[in-house]
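These notes are about the structure you will find just below.
The values are calculated or read from the model by the stated rules, or taken from the named source; none is laboratory data. Bear in mind that the values here come from a model prediction, so they are computed numbers and not experimental data. Cβ placement follows ideal geometry from the backbone for every residue including glycine, while neighbour counts extend to all protein chains displayed.
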Amino acid sequence: MLKRLSLVAVLASVVSVTAVSLTACGSSSGTADPGSGAPASGAAAGASSVTVFAAASLTESFTELGRRFESAHPGTKVTFNFGSSATLAQQITQGAPADVFAAASPATMNTVTDAGLAASPTVFVKNTLQIAVPADNPAKVESLKDLTDPKVKVALCAEQVPCGAAAIKALDAAGLKVTPVTLEQDVKATLTKVELGEVDAALVYRTDVIAAAGKVKGIDFPEAAQAVNDYPVAVLTKAPALDLAKGFVDLVLSPQGADVLTKAGFQAP
Amino acid sequence: MTVRARTRAVTGRTPWPLVVPALAGLAFLVLPLAGLLVRAPWSTLPRQLAEPQVLEALRLSLVTATIATAVCLLLGVPLAWLLARTALPGRRLLRALVTVPLVLPPVVGGVALLLVLGRRGLAGQWLYDTFGVSLPFTTAGVVVAEAFVAMPFLVIAVEGALRGSDQRYEEAAATLGASRWTVFRRVTLPMVAPGVLAGAVLCWARALGEFGATITFAGNFPGRTQTMPLAVYLALETEPDAAIVLSLVLLAVSVIVLAGLRDRWVGSA
Amino acid sequence: MGGFRVSLRAHLVVERPPFRLDVELDVAAGEVVALLGPNGAGKTTALRGLAGLTPLAGGTVELEGVELHRLPPERRPIGVVFQDYLLFPHMSALDNVAFGPRCQGAGRAAARRIAADLLDRVGLTGFSGVRPGRLSGGQAQRVALARALAVRPRLLLLDEPLAALDAHTRLEIRAELRRHLAGFDGATVLVTHDPLDAMVLADRLVVIENGGVVQSGTPGEIARHPRTDYVARLVGLNLYRGEAGGDQVVVGDVRFSTAERVTGPAFVAFPPSAVALYRTRPDGSPRNLWKLHIDGVERHGDHIRVHLRGPLPLAADVTPAAATDLDLIPGQEIWAAVKATETHAYPA
């Protein structure tokens, strides 16, 4: 298993390296061309590609931001690597050539800052938990307390991943003990179990419930406030496209960025 | 023994166009393992092994892989026989269909299993309504997922062996009064035994390493559905070193089992 | 056949276009019939048809009054010795022989007793535990025979039973097999392409060519009166078919003088040794004398066989000494003579 994972990591870095070197060639030919009007921010570095490693929960909103960034900087390409924050952090510490890292938890960001690969991360959004139930809510779940009913099948994220850690925090805050039938490896897998009706309820992020609108229903619960997940973003110190990276982070932190992220269900920090 | 000695004498010098790629291939297969060995935090090995969760996952892996192999033998050998020995219409298509689990990404396989055998699945709903049985999130579900992914290895190996075996022996058995079932049991099966064993070994190894379909279909719950690969994957989220140790434990156990099996089988043949 | 009771009555039709087998076969109890014929004639197909291994397009197989042709092989009271014996490689010799009795419902111990007895009978006492891979060709043949006999068949089928053996073993096993076949009270059908095997082992020969029976009879009858080129070559005779009138048979442009008097369509046969060769036209002008060309010369045992072509292709045997005198060069002209008393004419 591990072999397969590390192979994926290796492939990911190979792909990124290739992407970077390809764009490097492209940019050198670009600078040689006197006619090409380079856009403001990226022009100095001469780079026209920026690689963003972002938590999987940011897939929809960051893809949208990437599109906006590209149209604001013609000729620039934003390449994303979405995945589990922990996996991304490892890939970065193993030398994957990323420019920006947006994590779903401060802990995973710490892995990168501790390695000296990122400085001063900024929390740009927070995400809170919701109870996700199948659209027809077969177990009639209404509150967090309903999840303690042994007849209700509950899926939680594994404690090793951020949504699992958040779920434990929320349940602890509520003083409830839930026995899940499964501890899923990530939030999307957890949500799939709800979508397919294999479980009656799960604790997932609001953003994921919104992304799966129609197939699952989200139920807010007060204890969610005790388990807020902060999303930090940082430009990486070894970023090959430093200026573009700064530009992208600026966009994420801008009101325009906040707008896109709020629509996806994130909350302002 | 004599045959082997004679072969070696006849072969003489091994031609380098075979040796060079062979060594490269071996290195390609073995080097990642060497990577694991080099990076392994040996000092934490005893502590990891003492963890009850690790032993539980290991035990669960061995038990489910073995049961899955038994299931595959029970269903796969007759299926291979059907493909090799009967003039079924559309046999070519059937053979292609048998390999579907090989091509399908295991996670997709797991979702497909949920769609059929899940609580709301095509057959699963009936199972649940009639018998109150629901396979997901159970150890039986792990076996189902592993068998689904591993069965093609067995079927293909056994079918190949059946096609390669001389059917005239079966005719000879028939003239001696053996029914088709007796022919299969006492002549066909013993004559393709090495092929069946090779298929079972592949099948077992594949089942042991199964991750995607298992975590998707059976979920992840320690002691019930958390096999070693799942434990490794989750450990990777927070404790990569532990993940390496766990993988090595899994590898060591499988190598010991397979090497032991192979020796015994070669010795008896 | 006189006193024999007909045991097997078979009409075998197998369609495998363009090949078609259509053979009728009667075998008496205790009788051994050899199906003899060139490769591809359909001998083995006929045998497989009898065993039920090849489906019949038509015809019947009746054994001791019971119709077999609708039964699958495992329900037919037959024993088969296959060309390569097909002993189960994963079983000992004893278990190979015990396999049939076990399938017929005998207990393990009883089946092994039957098998041990049979191994004794074929002279393989002490080979019970040996796997087929470690048996010699002759031993494997005997185990195969024992295995076929162990099911107490009423019809014994042997497909080229001696073909896989070397010359020396073959001699020994042939004699042995003859003894075993003589002791078997059911019908036996044996397939071979070797005339010697057929003559030694069989009471009667059935010659098959191109899917049909061309001749049948005792080995003696067949050897004396071949009816096709194949049979004639097999028994070493020159054979011609013509129209007889009195003591003459007309074959194409050639007129044969014969010792026998026949009328209508007839065969003329004579052995190559009956042909005398001359470099020049011999004196006294024998009546059967032709001018031919030498086609080829080959060594044949302790004499030289000369193949001749012309109006009457024929084979002649001469001694090496005579061959030297004759100066046998292919293409050369030569005179060939056959005495009427050495020819043999019979109705076609």
Check your understanding: When you go through C:Leu312, C:Leu277 one by one, which is the residue that is modelled with pLDDT under 85 and surrounded by 15 or more Cβ atoms within 10 Å (Cβ to Cβ)?
Key -> C:Leu312
Check your understanding: Which one of the conditions (1) surrounded by 17 or more Cβ atoms within 10 Å (Cβ to Cβ); (2) away from chain C (no Cβ under 14 Å) does B:Phe131 fail to meet, given that it meets all the rest?
Key -> (1)
Study note, to complete from the structure: A careful count of residues in the stretch C:282-333 that are among the aliphatic types (A, V, I, L, M), over 22 Å from C:Arg255 (Cβ atoms) and in a strand (DSSP E or B) gives 5
Check your understanding: Is one or more of the residues making up the stretch A:108-120 outside the structural domain of A:Phe248 (by TED's automatic domain parsing) and either under 16 Å from the mean Cα position of the chain (by Cα) or among the acidic types (Asp, Glu) (or both)?
Key -> no
Point to revise | Set B:Ser247, B:Ser179, B:Ser254: member being surrounded by fewer than 16 Cβ atoms within 10 Å (Cβ to Cβ) and among the small types (Gly, Ala, Ser) | key: B:Ser179
Check your understanding: C:Glu24 versus (1) without any contact (Cβ under 8 Å) to a residue 60 or more places away in the chain; (2) surrounded by fewer than 18 Cβ atoms within 10 Å (Cβ to Cβ); (3) closer than 25 Å to C:Leu181 by Cα: which is the lone unmet condition?
Key -> (1)
Exercise for review: Can you tell me which residue within the stretch C:185-210, out of those that are buried (at least 23 other Cβ atoms within 10 Å of the Cβ) and of a type outside the set (A, V, I, L, M, F, W, C), is modelled with the highest pLDDT?
Suggested key: C:Thr188
Revision key, fill the gap. Among residues of the stretch C:58-83 being in contact (Cβ under 8 Å) with a residue 40 or more places away in the chain and facing another protein chain (nearest Cβ under 8 Å), the residue farthest from B:Thr175 (Cα to Cα) is C:Phe82
Check your understanding: Here are some conditions: (1) surrounded by 17 or more Cβ atoms within 10 Å (Cβ to Cβ); (2) modelled with pLDDT of 85 or more; (3) outside the structural domain of C:Glu209 (by TED's automatic domain parsing). C:Arg227 meets all but one. Which one does it not meet?
Key -> (3)
Practice item. Report whether or not B:Gly121 is assigned to a loop (DSSP other than H, G, I, E, B) and either touching a strand residue (DSSP E or B) at 6+ places or on another chain (Cβ under 7 Å) or within 18 Å of A:Lys153 (Cα to Cα) (or both). Key: yes
Check your understanding: Does A:Lys217 satisfy the condition of being in contact with a Ser or Thr (Cβ under 9 Å, 6 or more places away or on another chain), over 30 Å from A:Gly75 (Cβ atoms) and not assigned by TED's automatic domain parsing to the domain that holds A:Ser57?
Key -> no
Exercise for review: Return yes or no: is B:Leu49 within 14 Å of chain A (Cβ to nearest Cβ), out of contact with any Leu (no Cβ under 6 Å at 6 or more places or on another chain) and over 18 Å from B:Leu154 (Cα atoms)?
Suggested key: no
Check your understanding: Does A:Ala119 satisfy being under 23 Å from A:Pro222 (Cα atoms) and in contact with a helix residue (DSSP H, G or I) (Cβ under 9 Å, 6 or more places away or on another chain)?
Key -> no
Revision key, fill the gap. For the stretch A:218-257 the number of residues that are of a type outside the set (Gly, Ala, Ser) and under 25 Å from A:Gly175 (Cβ atoms) is 9
**Study point:** Failed condition for B:Pro78, given (1) surrounded by fewer than 16 Cβ atoms within 10 Å (Cβ to Cβ); (2) farther than 18 Å from B:Val201 by Cα
**Key:** (2)
**Study point:** Members of the stretch C:136-178 found to be basic (Lys, Arg) and away from every other protein chain (no Cβ under 14 Å), listed by number
**Key:** C:Arg142, C:Arg170, C:Arg174, C:Arg178
Point to revise | Scope the stretch C:151-184; condition of a type in the set (D, E, K, R) and either within 18 Å of C:Pro195 (Cα to Cα) or in a helix (DSSP H, G or I) (or both); matching residues | key: C:Asp159, C:Glu160, C:Asp166, C:Arg170, C:Glu172, C:Arg174, C:Glu176, C:Arg178, C:Arg179
Review point. Exactly one of (1) closer than 19 Å to B:Arg59 by Cα; (2) assigned to a helix (DSSP H, G or I) is unmet by B:Gln226. Its number?
Key: (2)
Exercise for review: Quick one: in the stretch A:63-95, of everything that is buried (at least 22 other Cβ atoms within 10 Å of the Cβ) and assigned to a loop (DSSP other than H, G, I, E, B), which residue is nearest to the chain's Cα centre (by Cα)?
Suggested key: A:Ser84
**Study point:** Qualifying helices (runs of 4 or more DSSP H) (wholly inside the stretch A:127-226; at least 1 residues being within 10 Å of chain B (Cβ to nearest Cβ))
**Key:** A:162-174, A:187-195
Review point. Right, C:Asp120: out of contact with any helix residue (DSSP H, G or I) (no Cβ under 6 Å at 6 or more places or on another chain), part of a helix (DSSP H, G or I) and within 14 Å of chain B (Cβ to nearest Cβ) or not?
Key: no
Practice item. Could you tell me which of the residues C:Glu209, C:Glu172 is in the same structural domain as C:Gln104 (by TED's automatic domain parsing), closer than 16 Å to C:Leu36 by Cα and charged (D, E, K, R)? Key: C:Glu209
Exercise for review: List the number of the failed condition for B:Leu208; all other conditions in (1) free of Cβ contacts under 8 Å to residues at least 12 places away in the same chain; (2) within 30 Å of A:Gln94 (Cα to Cα) hold.
Suggested key: (1)
